[in-house]
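First the structure, then my questions, so here it is.
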Amino acid sequence: MTDRSKDGKGASGKGAAGREERLRAALRANLQRRKQQARARAEKTIGNNDNKDDTGGDDS
């Protein structure tokens, strides 16, 4: 458990302002991570489409 003092602030002593700052930083980091993952997926998809040739296997 976290160490709480009588005034309701956590061990860091910043209270609600500190929590809000941590949440904003976590959201920012999450957004950056998701953007990077989306870019990687897009690159993977683009890379797979560029290497396709139009020779189908069902030439009769």
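Values in this text are rule-based calculations from the coordinates and carry no lab data. It should be emphasised that the depicted structure is a prediction, and the values quoted were computed from it without experimental measurement. With ideal geometry, Cβ positions are generated from the backbone for all residues, glycine too; neighbour counts draw on all protein chains shown.
How far, in nm, would the chain grow between residue 23 and residue 40 when pulled straight, counting 0.36 nm per residue and subtracting the alpha carbon separation?
Gain on extension, residue 23 to residue 40, equals 3.6 nm.
When a footprinting reagent is the concern and you count Cβ atoms within 10 Å, what order do 44, 14 take, fewest first?
44, 14
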